[in-house]
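Scroll down for the structure; my scribbles are underneath it.
The values are calculated or read from the model by the stated rules, or taken from the named source; none is laboratory data. No experiment lies behind these values; they were computed from the predicted model shown. When we count neighbours, we look across all protein chains shown, and the Cβ atoms used for this are built from the backbone with ideal geometry, even at glycine. Quick note on the areas: whole protein, heavy atoms, side chains included, nothing else; ligands and nucleic acids left out. Shrake-Rupley method; radii C 1.70, N 1.55, O 1.52, S 1.80 Å.
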Amino acid sequence: MSGKNNLSAIEKIKVNSDGLRGTIKESLTDEITGAIREDDQAVIKFHGMYQQDDRDRREERAEKKLDRLYSFMIRLRLPGGAISAQKWIAANEIANGNSTGVIKITTRQTIQLHGIVKSKIKPTISAFNKANLDSIATCGDINRNVTCASHPVQSPLHAEIFAYASKISDLLFPKTKAYYEIWIDDEKVADKNEEVDPLYQDRYLPRKFKIGIGIPPNNEVDVLINDLALIAIIEEGKLKGFNIAIGGGLSATHGNTETYPRLATVIGFVDTEEKILKTIYEVVTVQRDFGNRSDRKLARLKYTVDKLGVEKYKEEVEKRTGFPLEPARPYTFDERKDFYGWQKAPNGLWYYTLFVENGRVLDDEKLAMKTALLEIAKTDKCSFLFTSSQNIIISDVAAADKESINTILQQFKLLEHTESASLLRKNSIACVALPTCPLALAEAQRYLPELISKIEPLLDKHGLSNEDIILRMTGCPNGCGRSAAAEIGFIGTAPGKYNLHLGGDNQGERLNKMYKENLEEPAILAELDGLFAAYKKEKNTKEKFGDFAVRKALV
């Protein structure tokens, strides 16, 4: 446990924030700047938003002695990435009126809107609230949006397993009413005892906390990158319970060897719902009490696990739950992918998985995807699911309605868009990076599509276009685009420069390692050309690219 005198600045802000109220109301009324007060920038994260500025325009504005062009990103809470057609219509309208207009699907199966100016924050959240949507606890040192394997076609038990995403979200929901007071104009809580929070207390968690639920044999949710991972154990057609894994997380800091990406370690198995939820709750309380509160770079659960040791952490959880974890049950992940196109699930309903490059839903000169999805939502004959690879599943379509939805997909060329995208492009993820992310050192989502267009001819040249290679890019080492868990990972180091990482596996059970540092595009393409040539010539039958890189000791 961190000593009270050695707390980081953020820890003091949380404790002194009056239940996450801070001085947000006062900040909002300050018309001199588009920013909010410094302490409030930490508090506002718990309400589901980040303050950002347009880094493309910093220099120009500085020259004119203008304030930076501040705006806010707001992210919704959608456990498992499920949203109704009516809520999608509302989100679409709110995006058009209050943000850049682009709806961004995140790697945590939710949506975020960018470019919301300070005066528009309250109207945005108020409009979301009217549509029964909220952004509570989607950022900040708290349990974030709970992710879950998203393809109902995978398992007849998908609905039963998927329901846990909402149960966990409710279990770990903060008690403060600050969100409703500030944004929805609810009356101020008269009795502060109503807000006493046995889980988060007044200090919340040392750092963000992520939970994911995976359904073997497909690991499309990248379950092991989470602080807490639940792996569904299905035997004889029944859900027996979950293996529990702890300590995943991909963020690191260049040049700081104390920081590193890590995959979660399986510590045991839990069977009943009561025990499952109790175990999850106490894994969180152990992190609350033992996590590092003096150095935020070392505050994630992975560092607590490595500091205490896996066994000691597990013992502490068992002490608090009052029951031992059972030995982990066997499971196998053999792929990590979205099922594109139309699929019929065991429940008799149809699902269409649409490829959305880097999760950006917009209308451009090539494709009117945003308009198409709005037209589909207006039929009210479906709902939507977001995948961890930032794609959209048009879900719960009755057989009788499939043709009418398919007609809209066809009319707006979305069928062609999904079918014609290369396997590599479909397997790619990029984080937001520039111009809005303050941590980005290099481009990611704006650059990766262009880079892939230059990598595809190399795969063609070596006859590898049908190889299922997972490629990801982040603009910094914090890992939002999960580049450390890819077969080919690019991690930005400076404008136009990336570290090239190789050797992650195809199933998401092994991280990659650095292969070459600070490469610019010509060097990236030259390296990949050589690697693909060697892979084509020397690979074993059915050997995946990441496994080849490890077998040949490239990393």
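Which whole-number percentage describes the relative contact order of region 436-555, with Cα contacts under 8 Å and a sequence gap of 6 or more? Let's see the in-between values first.
Numbers: 216 pairs, mean separation 27.8, N = 120.
This gives 23 percent for region 436-555.
Just flag the GluC sites (Glu not before Pro) in region 16-81 sitting in loop per DSSP whose Cβ has no more than 10 other Cβ atoms within 10 Å.
Working: sites: E26, E31, E38, E59, E60, E63; in loops: E31.
Loop-located and lightly packed - E31.
List the cysteines of the chain that have no other Cys Cβ closer than 4.7 Å: which are they?
C139, C148, C382, C437, C476
Any lysines with Cα under 17 Å of the K537 Cα? List them, leaving off those in the same chain fewer than 8 positions away.
Correct list for K537: K461, K552.
Excluding same-chain residues fewer than 8 positions from K12, which aspartates and glutamates have a Cα within less than 17 Å of its Cα?
Within reach: E38, D39, D40, D141, D202, D289, D295.
Peptides 6-12, 539-545, 295-301, 355-361: what's the order by average Cβ count within 10 Å, highest mean first?
On the way: 6-12: 15.6, 539-545: 13.1, 295-301: 20.1, 355-361: 21.7.
Descending mean neighbour count gives 355-361, 295-301, 6-12, 539-545.
Going by Cα centres, region 504-547 and region 315-358 are how many Å apart?
27
Compute the semi-axes of the equivalent ellipsoid of region 377-433, taking the square root of 5 times each eigenvalue of the Cα gyration tensor, and list them largest first in whole Å.
Values for region 377-433, descending: 24, 15, 9 Å.
Where in region 185-290 are there GluC sites (Glu not before Pro) that are in a DSSP coil and have at most 14 other Cβ atoms within 10 angstrom of their Cβ?
Taking region 185-290 and a limit of 14 other Cβ atoms within 10 Å, the loop GluC sites (Glu not before Pro) found are E187, E236, E258.
Rounded to the nearest percent, how much of the accessible area of the chain (1.4 Å probe, protein heavy atoms only) is carbon and sulfur?
Of the solvent-accessible surface of the chain, carbon and sulfur hold 50 percent.
Whole-Hz ³J(HN,Hα) for each residue in region 255-272, computed from phi via Karplus 6.51 cos²θ - 1.76 cosθ + 1.60 with θ = phi - 60°, x for glycine and proline: what do you get?
Running phi through 6.51 cos²θ - 1.76 cosθ + 1.60 with θ = phi - 60° gives x, 10, 6, 6, 9, 6, x, 8, 9, 5, 9, 6, 10, x, 10, 10, 9, 7 Hz.
Going through the cross-link list K337/K497; K87/K188; K366/K536, which pairs have a Cα-Cα distance over 30 Å in this structure?
K366/K536
For a quick protection proxy, order the peptides 490-496, 391-397 by their average other-Cβ count within 10 Å, most packed first.
Listed from highest to lowest mean packing, they are 391-397, 490-496.
So what are the ³J(HN,Hα) numbers for region 44-54, from phi and the Karplus equation (6.51, -1.76, 1.60; θ = phi - 60°), rounded to whole Hz, Gly and Pro as x?
Per residue, the Karplus-derived 3J(HN,Hα) values read 5, 4, 5, 8, x, 8, 10, 7, 9, 9, 7 Hz.
List the residues, sorted by chain then number, that are 5 or more residues from D363 or on another chain and whose placed amide H is less than 5 Å from its amide H.
So D363 has HN proximity to K370.
In terms of modelled amide H atoms, which long-range or inter-chain residues lie less than 5 Å from the amide H of G48?
A137, T138, C139
Between R262 and residues 5 or more places away or on another chain, which pairs have amide H atoms under 5 Å apart, with H built 1.01 Å from N, and which residues are they?
Excluding prolines and chain starts, which carry no amide H, the hits are G249, L250.
Once phi is turned into ³J(HN,Hα) by the Karplus curve 6.51 cos²θ - 1.76 cosθ + 1.60 with θ = phi - 60°, what whole-Hz value does each residue of region 454-463 show in order, with x for glycine and proline?
Whole-Hz 3J(HN,Hα) from phi for region 454-463: 8, 7, 3, x, 5, 5, 4, 4, 9, x.
Can you return the lysines within cross-link range of K278? Criterion is Cα-Cα under 23 Å, with same-chain partners fewer than 8 residues away left out.
Excluding near neighbours in sequence, the set is K167, K175, K208, K210, K238, K240, K302, K312, K314, K319.
How high is the relative contact order of the chain? Use alpha-carbon pairs under 8 Å, at least six apart in sequence, and give a whole percent.
Reported as a whole number, the value is 13 percent.
Using the heavy atoms of the protein chains alone and a 1.4 angstrom probe, what is the accessible area of the chain per residue in square angstrom?
Computed with neighbouring chains in place, this is 40 Å² per residue.
Kirkwood Rh over alpha-carbon pairs of region 320-468, then Stokes-Einstein at 10 °C and 1.306 mPa s: what D in µm² s⁻¹, rounded to an integer?
Taking Rh from Cα pairs, D becomes 89 µm²/s.
If packing is taken as the average count of other Cβ atoms within 10 Å, what order do 312-320, 415-423, 431-439 fall into, highest mean first?
Going by the mean number of other Cβ atoms within 10 Å, highest first, we get 431-439, 312-320, 415-423.
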